[in-house]
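Okay, structure first, notes after.
Derivation of every value follows stated rules applied to the coordinates shown; laboratory data play no part. Here the structure is a predicted model, which is why all the values come from computation and not from measurement.
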Amino acid sequence: MSTTNMAASSNYWEDLRKQARQLENELDLKLVSFSKLCTSYSSSSSSSSSQDQRSRSDSLGSSHDNMLVAMTTELEQLLAKLTAVNDRMAEYTNTPGASSHNAALMHTLQRHRDILQDYTHEFHKTKSNFYSLREREDLLGSVHRDIESYKSSSGVNNRRTELFLKEHEHLRNSDSLIDSAISIAMATKENITFQRGMLKSIQTRVTTLANRFPAINSLIQKINLRKRRDSLILGVVIGVCTILLLLYTFH
């Protein structure tokens, strides 16, 4: 290869390196600005609590969105340009004239590729964090708007709702009392039924014993007759005494 061709080839490589360094410096500055812009969007979104602040943050958010879209597009273009420059540098290392300096060229190319990879990773990470934050803020804003809408639309019906809830609670308490009363009545019925069964059993046993032992039966009958006679005599005595007392009193 002639000296002129080698000089031209060397100049071509240096031009590529200058372009790569220029793009890398520009990407570094843009990435810092992009990160600051995303951070400022996060701060403005988290500080908006009232309705007026939210309306102001909406207008600021739209301007932030426009700036972020423009900066995202610019960064993607810069990354694409740097990728193209790295590709041309890789093609140059494969040319026959660059074989004598291949180790140094490959080292330089690898360093530029690492820088490109770092910038690409940082860009996608910042972009992903920003979109995740914006989705979360949009979701929270939607929830806040739904809550405010519900409060404004249901403020008139709050009193009626409270009354319905109280009435519902009273009905539940009444149902509980009725269930308790029914349970007590069922338990009482079961006890009475059980006692009646016991009395019937005792009566049956007494009748059985009386039928088995006629003497005992006749003795019981005599006792009953004597009790009746004694009751009759006692009643007559009480009646006579009462009549005599009345006669003595009114005499």
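Below, the figures for the structure above:
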item: 3J(HN,Hα) from dihedral phi, the stretch 84-90, Karplus parametrisation 6.51/-1.76/1.60, rounded to Hz, x for glycine, proline; result: 5, 5, 4, 5, 5, 5, 5
item: Under Karplus coefficients 6.51, -1.76 and 1.60, residue-wise ³J(HN,Hα) of the stretch 114-128 in Hz, glycine/proline x; result: 5, 5, 4, 5, 5, 5, 5, 4, 5, 4, 5, 5, 4, 5, 5
item: For the stretch 231-243, 3J(HN,Hα) per residue [Karplus equation, 6.51 cos²θ - 1.76 cosθ + 1.60, θ = phi - 60°, Hz, x = Gly/Pro]; result: 5, 5, 4, 4, x, 5, 4, 4, x, 5, 4, 5, 5
